[in-house]
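Peer 1: What follows is a structure written as structure tokens; I'll ask about it next.
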Amino acid sequence: MTTPEKDRLRLVVITRVSTNGQVDGYGLDVQEKDCRKWARANGHKIVKVCRDEGITGKAGDDERPGLAEALQMLADGEVDGILAPNLDRVARQLTQQEAILSVAWAHGGRVFTVDRGEHLADDEDDPMRTFVRQVMGAAAQLERGLIVKRLKSGRRAKAERGGYATGAPAYGQQAVERELTEHPAEADTLRQMREWADEGVGVREIARRLNAAGIPSKRGGKWHPTTVARLVDPEARAYARRQSASARTADREQARRARADRVLGRLAGGAAG
């Protein structure tokens, strides 16, 4: 059955993966294939596919060039609507999903996803429409949060049992088939370093001896006293962990503030205009 020309829409496709590998297997090519199949089945034309590769769904629209381009095409009247595999690919957070939907509807555009069809604009005469969409979005966000929590808890429990969870193995160890085993050469070097430390040799001298002997560090570079200290001194090791945790927390907070500042900047610019 042929779709009448007046009902044939011009759509821009939005696809996204949060990592270059996309661990869940739903990569960019598969997402695009699903969208093209849906468009053919419903008689619509895909004008362009906008991709955001290796970008988290938590990123704002100004941090996602693919999404920004799609919204600009909608604003310029180059397309009639947006098509995505699901709302999670549009944005992961419910608040961001709602903001993007509002932008699309404000420009007279329509929003479709392969899994649910058209997402109709809010209607004051039909408050259940908004309620159902937001409840489903909140439920999906909760499910993703619980999955992340379980994964983190599992990795933490495995690490506490001495197993390999994630990240680069410590000096003296290596990961073999997702299990930590001893790295023979590094383990020998580590024992020698600790023997020197027990004899009263300082970390600067230990680093000098290792470099003079041509023994590489874990990453293949030169040894530094701070690196040696983390390996031979338990207190230095614990301090380094605390510093790393604090730095990660500070980076996350800085990213949140930067996103908030960008949003406030756009709002201020709009008000001034």
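The values are calculated or read from the model by the stated rules, or taken from the named source; none is laboratory data. Here the structure is a predicted model, which means the values were calculated and not measured. Please note: Cβ atoms are built from the backbone with ideal geometry, for glycine as well, and neighbour counts cover all protein chains shown. The accessibility values were calculated without ligands, DNA or RNA, using every heavy atom of the protein model including side chains. Shrake-Rupley method; radii C 1.70, N 1.55, O 1.52, S 1.80 Å.
Peer 1: I need a count of the residues in segment 99-137 that are open to solvent by less than 50 Å² (accessible area, probe 1.4 Å) and assigned to a helix (DSSP H, G or I).
Peer 2: Counting residues in segment 99-137 that are open to solvent by less than 50 Å² (accessible area, probe 1.4 Å) and assigned to a helix (DSSP H, G or I) gives 7.
Peer 1: Going by the structure shown, is Arg259 surrounded by 13 or more Cβ atoms within 10 Å (Cβ to Cβ), touching a Gly at 6+ places or on another chain (Cβ under 9 Å) and either at pLDDT below 80 or of a type in the set (Ser, Thr, Tyr) (or both)?
Peer 2: The answer is yes for Arg259.
Peer 1: Which of the residues belonging to segment 188-234 are small (Gly, Ala, Ser), on the phi < 0 side of the Ramachandran plot and not in a helix (DSSP H, G or I)?
Peer 2: Scanning segment 188-234 gives Gly202, Ala213, Ser217, Gly221.
Peer 1: Considering only residues of segment 74-98 that are surrounded by 20 or more Cβ atoms within 10 Å (Cβ to Cβ) and of a type in the set (A, V, I, L, M), which is farthest from Ala138 (Cα to Cα)?
Peer 2: Taking the candidates together, the pick is Val79.
Peer 1: Something else about it: Testing Gln141 on (1) surrounded by 15 or more Cβ atoms within 10 Å (Cβ to Cβ); (2) not in a helix (DSSP H, G or I), one condition comes back false. Which one is that?
Peer 2: With (1) surrounded by 15 or more Cβ atoms within 10 Å (Cβ to Cβ); (2) not in a helix (DSSP H, G or I) applied to Gln141, the lone miss is (2).
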